[in-house]
1. Using θ = phi - 60° and the Karplus curve 6.51 cos²θ - 1.76 cosθ + 1.60, what whole-Hz ³J(HN,Hα) does each residue of the range 81-87 get, with Gly and Pro shown as x?
2. Using the beta-carbon distance between residue 105 and residue 78 and R0 = 45 Å, what value does 1/(1 + (r/R0)^6) give for FRET efficiency, to the nearest 0.05?
3. Evaluate E = 1/(1 + (r/R0)^6) for residue 115 and residue 58, where r is the Cβ-Cβ distance and R0 equals 30 Å; express this FRET efficiency to the nearest 0.05.
4. For the range 92-105, take each phi angle, set θ = phi - 60°, evaluate the Karplus expression 6.51 cos²θ - 1.76 cosθ + 1.60, and give the result in whole Hz per residue in order, putting x for glycine and proline.
5. Which length gain, in nm to one decimal place, applies between residue 148 and residue 163 when the Cα-Cα distance is subtracted from 0.36 nm times their residue separation?
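Values in this text are rule-based calculations from the coordinates and carry no lab data. All values derive from a computational prediction rather than experimental measurement. Because the Cβ atoms are built from the backbone with ideal geometry, glycine has one as well, and the counts that use them run over all protein chains shown.
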Amino acid sequence: MGTAQPVETDSPQVSWTKKYPSLPFLLIFILTILTIVLATLAFGKPSRWLGHAIPAVIGIILLILIALTGAQMAGRIKFFPVRKLLLLHKCLAVTFSGLVIGTFSLGILLMILHNRPILTSLHGWVGLAVAILSAVQFFMSLGVRDRASIRTSHRVVGYLIVVLFIVQVFLGMGAAEIFEFLSGSE
């Protein structure tokens, strides 16, 4: 991964992505480790939410791979020794989008089956936002032939998905603990 070392530049106004090119990946790495540790700590408890949480951890791993392949295509890092990097990036992104939309649908279905109100928590609304942004990212990428025309919006939406997805995982872990407390299981 490397550390976020400043890069010398001639221009007085340099964006933080050029000045600290590895900072986003360092932050993603730290948040991923923290999420995995928290999921591991919660794994020992009898939980009803693991079927919904395991895809979240898989999603974080996919997000890391998507971010790394995207950064390599932009020339910011050298990580994957593969020839068809765009194809790998697309396959990972399609898998992630399917996983997010499927997991969100599973969460909604479980709430309906347990006669619980849907979209009454921040976890539900952030999940909806992540699912919609993932679908937008997916269709935006498929529908445009000239990648340069959507590069900036694709990157911004991608980073927004990363942040919201990590927030979603933490909200879900908190929601699971509250659900277990209210249902009386320990």
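1. Calculated HN-Hα couplings, in order: x, 10, 7, 9, 5, 4, 5 Hz.
2. In this case the efficiency is close to 0.75.
3. Details: r = 28 Å, r/R0 = 0.95.
Once rounded, the FRET efficiency stands at 0.60.
4. Once θ is set to phi - 60°, the couplings for the range 92-105 become 5, 5, 5, 4, 4, 4, x, 5, 5, 5, x, 5, 4, 4 Hz.
5. In short, 3.0 nm is gained.
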